[in-house]
Amino acid sequence: VPREAWKKLGEQGFLCPWLPEEYGGVGADFLYSFILTQELARTNCTGFFFPLHSDIIVPYLYSFGNEEQKKRWLPGCVTGDIITAVAMTEPGTGSDLQNIKTTAKRDGNAYVVNGQKTFITNGQTANLIVVVAKTDPEDGARGTSLVVIETDGAEGFERGRNLHKLGMPSQDTSELFFNDVRIPTANLLGEGEGMGFFQLMGQLPQERLNIAVQGMGVIEAALGLTIDYVK
């Protein structure tokens, strides 16, 4: 999906419509997002899954970001200048977030990120990635943090293959590699290290609800096509 399509959605107020006006949104309620998700599914446009950006990833920035982070990132998320991804899944760990291997080790006023992620939606186009990493590899879930990587000019960050899938061919699902990527400690989400697992658990229910709404839209579209065919 070309970046121009994201920009057009932003111009029409379709990206992150629930955000308050002070951050560039239109201040709509979450039902507005559900309508967009459902219509996207009904029109067989599920490969361009912009609700992942608007309703799954940006809420992490809004819910856990400090005021400086919100003012720096959220307006661009609304206009389409910033496209987000969340990097959770790793080769060999799947959805087992407590056992991820990617690390973010503190070095002065920076974190040094190393690791590999896979099956990352928006992986080829995203320029702001929320990375699930271990800031304390010895402390299980409590050693997990969310750090934000701004990909433009980030040395050591590489995009891997755009993965082949059975469906949704227009959705860029990718491998990502982090090789000594240095980011400011100011890019940590939350009030301190070790909150990442709990932040994820707090936001994942909304993600699952959004996926259910998308599924209902697909079901309605499939039923409509089937009724037209059998008649």
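Ordered from largest to smallest accessible area (heavy atoms of protein chains, 1.4 Å probe), the residues 139, 172 come out as 139, 172. Contact order for the range 1-103, expressed relative to its length and based on alpha carbon pairs under 8 Å spaced 6+ residues apart, stands at 30 percent.
In the complete set of protein chains, residue-level accessible area for residue 68 is approximately 100 Å², probe 1.4 angstrom. When nucleic acids and ligands are ignored and a 1.4 Å probe is applied, residue 220 ends up with an accessible area of around 80 Å². Put simply, the C-alpha atoms of the range 135-207 give a gyration tensor, and the ellipsoid matching it has half-axes of 25, 19, 12 Å, longest first. Is the shape of the range 1-54 best called rounded, prolate or oblate, per the rule: a/c under 1.5 gives rounded, else a/b larger than b/c gives prolate, else oblate, with a ≥ b ≥ c the square roots of the Cα gyration tensor eigenvalues? In terms of gyration-tensor shape, oblate. Hydrodynamic analysis of the chain uses the Kirkwood radius over alpha carbon pairs. Inserted into Stokes-Einstein at 20 °C and 1.002 mPa s, it gives a translational diffusion coefficient of 118 µm²/s. If you sort 185, 37 by accessible surface, 1.4 Å probe, largest first, the order is 185, 37. If you take all other residues with their beta carbon under 15 Å from the beta carbon of residue 96, and give Lys and Arg +1 and Asp and Glu -1, the sum is +2. Heavy-atom accessible surface of residue 182, to the nearest 10 Å², is about 130 Å², with a 1.4 Å probe and all protein chains retained. Let me check against my output: what whole-number percent is the relative contact order of the range 114-209, with C-alpha pairs under 8 Å and at least 6 apart? It comes to 37 percent, rounded to a whole number. Give me the angle, in degrees from 0 to 90, between the Cα long axis of helix 196-230 and the longest principal axis of the Cα atoms of the chain, rounded to the nearest 10. Approximately 20 degrees, to the nearest ten. Using Cα positions and a limit of under 24 Å, work out the lysines in reach of residue 8, with same-chain residues fewer than 8 apart set aside. Cross-link targets: 70, 71.
Projecting the Cα atoms of 103, 56, 89 onto the charge dipole of the range 43-133, computed from C-beta unit charges around the Cα centre, puts 103 farthest toward the positive end. Surface composition of the range 79-176: carbon plus sulfur atoms hold 45% of the accessible area, using a 1.4 angstrom probe and ignoring ligands, DNA and RNA.
Once C-alpha pairs closer than 8 Å and six or more residues apart are averaged by separation and normalised to the residue number of the chain, the relative contact order reads 22 percent.
Across the alpha-carbon set of the range 1-135, the Rg to Rh ratio works out to 0.99, Rh being the Kirkwood radius.
Across the range 80-212, counting alpha-carbon atoms alone, Rg and Dmax equal 14.2, 45 Å.
The values are calculated or read from the model by the stated rules, or taken from the named source; none is laboratory data. This is a predicted model, so every value here is computed, not measured. Here Cβ is always computed from backbone atoms with ideal geometry, including for glycine, and neighbour counts include all displayed protein chains. Surface areas here come from the heavy atoms of the whole protein model, side chains and all, with no ligands, DNA or RNA. Shrake-Rupley method; radii C 1.70, N 1.55, O 1.52, S 1.80 Å.
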